[in-house]
Each structure stands twice: as C-alpha cells, then as structure tokens.
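Structure, as structure tokens:
The values are calculated or read from the model by the stated rules, or taken from the named source; none is laboratory data. The shown structure was predicted, so the numbers you read here are calculated from the model rather than taken from an experiment. Positions of Cβ are backbone-derived with ideal geometry, glycine not excepted, and every protein chain shown enters the neighbour counts. Surface areas here come from the heavy atoms of the whole protein model, side chains and all, with no ligands, DNA or RNA. Shrake-Rupley method; radii C 1.70, N 1.55, O 1.52, S 1.80 Å.
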Amino acid sequence: MSNVMLYPPLEQIENSLFGLSDQMLQKLAEKDAALSKTIREAALSDKFTAQQVADFSEILAEPLDAITSFDSVEIPDFLEKLIDAKVATQQTDFGKYPQSGQLIVINQLNTPKGEIADLHFSQQPLILLDLQDPQTKVWHGFMVASEVQYAGFWDALLEPQDEPFDPACGMVQIWNPVKISLPDNQPIKALGKLSPLRMQAIRALSAEYLLGELEMPATKIGYIASRPTFYGFTVVTGTPLKNDDPRRVYQQLYHHTGDLVNAPVREWLAQAQTAESPSWLTALTKQITQTWQDLKGQVPIVSDHSVGVLGYAMSSSESSDKEKHILLQDDLCLSIFCDDDSEFRIQLDYSGNDFVKVAVIDEGRKVQDMTLQTGQKTPLCTGLERDEDNRLELTFANDQTLSIPLSVD
Amino acid sequence: MTAMAINFSDERLNELWNSREALNKKEWGELYQIIYKFLNVSNNKIRLGIYGLEGEIDDYINDFYILKVMRNFNAQEREATTRGHLTGFFKCFLIDQQRKEKKYFVNQSFEGDDDDDVKPQHEESKHFDFSPDEISETLSQFGFSQEDLTAKTKQFFDGLEEWQQVVITLHHCPDSIDSLTLSQLPQRYLQSATYYKVQQLGIIHKTNKLPRDYKSTVIGKWIHFSLGIRIEQENIAIIAIVFRILCVVALSAQDI
C-alpha cells in the first residue's frame, strides 16, 4: 500500500461505518439487560471492542477527578469556522420534504411498500438526492462523504457556492449511486441543498463518468483541483486512482455502505421484475415472508447471502435462484438451497437466549425433529421435493407454534 | 466567553449534548469548553501512550469534537450524558485510532480502469513539459521576458493570503512524491474549512482542458486581467508556463 497518509485513517473510517455506535458501546459497558447474550459475545469477540467496553465500564465505575480550574480556552480558528458552517446550516430551511439537490441524512431505510428495513448503521449515511422516478417513486442519488482527502477523479467536492452545508458533507461520490425510498409526507433532515445549476454540473460529471473518453491527469493522492466536465461545467475533484492507492480501499468501504443503502429498493425491484414469472425459490421465499408477516406481524429480511449477527445484511447486486437466507426475526434465520429443479434443502440457525423446537414435515412424515439452543444450527435437511406438501413447524419457549408451508401454492 | 459564564456540570453537558441539532454558536462554543475541560481534567486517566498514540491530546480532543460531537443528526436519541459517559466515548475514540494493523484486500475498482481497452491517460499533458527554448519563444509571442514575468508572478504571489501561498507551495507545486496532502500542511485542519476553496483560488488539474469559468478564480483573474493573457483554450501553453513560473516563485520563497 502507498505510504501516503490520509486523514482520517482507513481503519477509523471502516469502524465509523461498520463498527458499533457509541450508544451500543455504552449499553455494553452498562451491561444493558436489553442486549442479548449473543450480541454481547459477538461484540466482545473483537479485541478492540472488548478494550473499549472494559475502559468505558471502568470509567463509569470510578469517581473522576474534581475540576479545580475554570479557565476557558481559545477555540481554534478552524473549529470556529466549522461551528459557523454548522450553525448556518441549522438555521437554514432546505425544505422538510424530499427535493432534488438536498443533502440528506438517512436515519432509517424504507422499502417502497413503506416497511422499515432492519438495517442499522453506526454512522448515518448521507445522500445527495438527484431525481425521483415518477413511476416507482424511488429516489436516485449519490452517496456523500466527508473524507475529502480521499477524493478521486469521480468525487465532486462541495464548493463555496453550495454553502451553507453541514461540515459532515464534503464530496459527492459520483461512482457510488444509490436508490432509496422516502415515504410520502415523512419529513427528512437536510444538511444542505445544491442549486439546480450545480445539480446539472453533478449530472454532467456523472455522464462523463459513464461515457467520457478518460483524458486524465496523473495520480496525486490527496490532491484536489478544478477541472472541466461535460457541457462546459467546472467541478473540483481529486485525481485518478492507481493500483497501490489507499483510496481503493476507501471506495470499497463506501461502496459496501452504498450496497446496504440500496438493498431494500433493490430487493423490491427484483421482486417486482420477477412478479410475472418468478423462479420457484423466489416464489417460495415470497410466500414464506408473507406467511411470517401474517403470523408475527414482522417483515423478514431476505438476502442471497448469510446475514451477520449484528444485524446488517451483506447483499449481492444480483438476485440468486440458488439460495435464499430469510432472517425471520433477529435470532432466527431460515436458509433455503436449490441445486436442481426438483429438490431443495433447508437449514435453521438460532442465536436467541431461549430455545426453539424445529420440525420439518415431508408429506405428513417428520423428517427432522430437534430443539435448537443458543448458537445452534440444524443439520441440512435434504431431499425435500418441490412439488410435495412440506411444512416447517417452529415451537418457541412461550409455547407459540407456527406452521410455515414449504411448497408454493 | 468568560470563565464564569460556563457551567462545568453534568447537567449543562447533558443539556447541550442532547440539543446538538439546535445549538447556536455560543452554545457550540460552550459545549467545546465543557468537553475540553472535562477531558483534560481526566487527563491523568487518559495517557495517549497507553493507547500507543503520539501527538498532543488537544488534537485528539479536536478530532473527537469534529468527528463525533458535531456529527450527530438523530434528534430522537436522548441519552443521559455525564462526564463519565463523555470520557468513555472519548476513550473509545482513542482506541479506534489503534486499529492500524489491518490488511485490506481490494477486489473492485470504481474508476472504470479495469478494461485494458480503455486505459486512462495517466501521463501529464505535454503542454506542461517545455524546453527552455520553447518557453522563451512562447513568452516572447506574448511580449514577456522570463525575468519580467517572474517579477510580476512574485508580486502576485506575495500578495496572496497565507493559506493560498501554502496551498500553492506545498500542495500544488511539488511532484507527486514530494507533494503534501492538505492534512500535512502546517494548518492541520486547513482541509476542514478551506479545502474546497482551491476552486476559488484556481488550482487546476494538469490536463489539456481549462475550466470554462477559470478567469473568475484568483489565479485566473490575475492571468487574464493583470498579465493580459486571455483565458482561452488556445492559450493553454502560455498559461501552463505561467503556472510553472508560479511554482518556481513559490518554492523559492519556501527556501528563504
């Protein structure tokens, strides 16, 4: 990796995006009873997190030194400027409802159906809203980041003409487009707003990213400068990346964030696109999620890959007809695998504090019958045939039994 | 703000902490004073060496203030925040600075440079590579001698604001391996408050293309109006030479 040191360090950026929030660390330090044992153990398995929690707990347990001096200090000039920018932003009305050009904070992600996706971010993503699709009502936009030192040739820095904007907004990641659903009549929090002319410049740069002939300057990590883009607009960007470049890792981290932001709409679009002729697995998954919602009132999260314990899903950009993972609830995941057109396999993974009894019934006959304790999985239940009457029965510690069909109506 | 005006108490910290979405300038300043005081009084419990960190604790407190305290957008979350909690948050922040040993594997590119058939030209434009004869010839076409233009450039450079001189001298002019990122500039947080002002100054990428509105920038205005060189694409060669001389002047000033 290049020896150029950019600020903040990559590891700090990664932790701010995917690590535990300060509120979660506080709960761990205070041994909040609401946290499950599994969550706690997973968090503390990381040595840095364990140290953080230990130090936090120690601080809370010990008395702190008394304050004996009440002198104030001079606030550094650069901080004064940041505070000025912050206050100017807070005092500006950028509009309460979604509009093109707004820089907004994402506090929760919604599906186009209006359901809240179970995705949690340590640091709230920031997005520049571009345009709303008139048919799907989905908003198209770009990820926005603060780490301007990592700017590449396709990162458009915010400029004085864009003021006021929150200091957390530094540049628009043209290479990192997103699609999100914003419920009607739900206020958003805007941290700034680009003018229509500036939005045209952003779109021009986006068009150049997709279509341009790529006459580029030399790589110079951490360097930014003005340059022309399509249609006569001028933007401020960094330089192109090279192979041994810390900005590649930076982009990968933010692309993963963008992937998560995109997940609810992408999943919805994939389902909508296959609505007329869905694959068998897609149809079964849809049926199971609907059944669960009818029985429990919760919307499961579906992924093509395994879902992490701490609650964020790593989804791929393409829908899979080979496997689906359905997070029925926080501590119970159903995985379905299809290797051919006739048979399928399932597996359940339980991470709760109690237990769940699992029974798989194949044409009236129990082919799997076991009790899962914390952190256990069932063996793969194989040989289930698609066109037979299969069912999954789950009995929880509170004696509630749910019966879920494993065949498509 | 006088010392007596600041209430260094958990109650006041809690009140300001949970109102961050609506603080005015005075209150942000007050919050800074409280945070600075609380974290420094706890100083005998916060030794950077324990965390393998170097530098001054003030810098870390300022980092914490920018990256954590100012960056809070969820007005719904209300937590009881005491000096102990604040110190805990800060210690967690310091421990995060230790995560430096990770090896990353990059498996994707988002620059569009993976296609061998569409290789970006990473070489600098030949317009920025002149022989001495070419420089003299181009200058004389515009009625300049090198000495005369150098003197005018020095006068311009000396009249710039300090941060503008620093950006030109340490960031724009040196070669890639010698150039400092804006974080390494003497004003460590120059990038936080004035990073994007390079556009106003007129720092441009070294390609064949000039931004259309370039003569509205500080450097562009000087070239166009003071030197009398029209900001047009056909004048890219002389403009590049002017930039070259500007760098010579800037780097020479650094050596004094």
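A compact table of results
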quantity: ³J(HN,Hα) computed for each position of the stretch A:196-201 - Karplus, 6.51 cos²θ - 1.76 cosθ + 1.60, integer Hz, glycine/proline x; calculated: x, 5, 5, 5, 5, 5
quantity: Accessible area that becomes buried as B packs against A, both chains, 1.4 Å probe, Å², nearest 100; calculated: 9200 Å²
quantity: Proximal aspartates and glutamates to A:Lys86, defined as alpha-carbon separation beneath 18 angstrom and excluding residues fewer than eight positions away on the same chain; calculated: A:Asp77, A:Glu147, A:Glu159, A:Asp162, A:Glu163, A:Asp166, B:Glu21, B:Glu27, B:Glu30, B:Asp63
quantity: Label point at A:Asp387 placed 7 Å out along Cα→Cβ; residues across the stretch A:336-379 whose backbone nitrogen lies under 15 Å; calculated: A:341-344
quantity: Simple label model, 7 Å out from Cα along Cβ direction - A:Leu295 to A:Leu60, nm; calculated: 3.7 nm
quantity: Point-to-point label distance, B:Asp59-A:Asp244, nm (Cα→Cβ direction, 7 Å offset); calculated: 2.5 nm
quantity: At least 40 Å² accessible surface lost relative to isolated chain, residues of the stretch A:154-200 (1.4 Å probe); calculated: A:Pro160, A:Lys189
quantity: The stretch A:1-76 versus the stretch A:81-158: alpha-carbon centroid distance in Å; calculated: 26 Å
quantity: For A:Asn176, residues with placed amide H under 5 Å, excluding near neighbours; calculated: A:Met143
quantity: Using a Förster distance of 30 Å, the FRET efficiency for B:Gln233-A:Glu163 (Cβ separation, nearest 0.05); calculated: 0.50
quantity: Percent carbon-and-sulfur accessible area, the stretch A:59-136, ignoring ligands, DNA and RNA, probe 1.4 Å; calculated: 50 percent
quantity: Sites A:Ile116 and B:Ser216 - FRET efficiency at Förster radius 30 Å, r taken between beta-carbons, to 0.05; calculated: 0.05
quantity: Neighbour net charge for A:Lys286 - beta-carbon separation under 12 angstrom, K R +1, D E -1; calculated: -1
quantity: Å² of accessible area per residue within chain A, as computed with a 1.4 Å probe and no ligands counted; calculated: 44 Å²
quantity: Interchain or long-range residues, amide H under 5 Å from A:Gln376's placed H; calculated: A:Tyr350
quantity: Candidate lysines for bridging to A:Lys47, where Cα separation is under 18 Å - those fewer than 8 sequence places away on the same chain excluded; calculated: A:Lys27, A:Lys31, A:Lys37, B:Lys91, B:Lys100, B:Lys102, B:Lys103
quantity: Rounded if a/c under 1.5, otherwise prolate or oblate - the stretch A:127-220, Cα gyration tensor axes; calculated: oblate
quantity: FRET efficiency estimate (nearest 0.05) - Cβ-Cβ, B:Asn18 to A:Tyr97, R0 25 angstrom; calculated: 0.45
quantity: Separation of the A:Ala50 and A:Ser342 label points, Cα + 7 Å toward Cβ, nm; calculated: 5.1 nm
quantity: Order by protection proxy (mean Cβ within 10 Å, highest first), peptides A:76-84, A:223-231; calculated: A:223-231, A:76-84
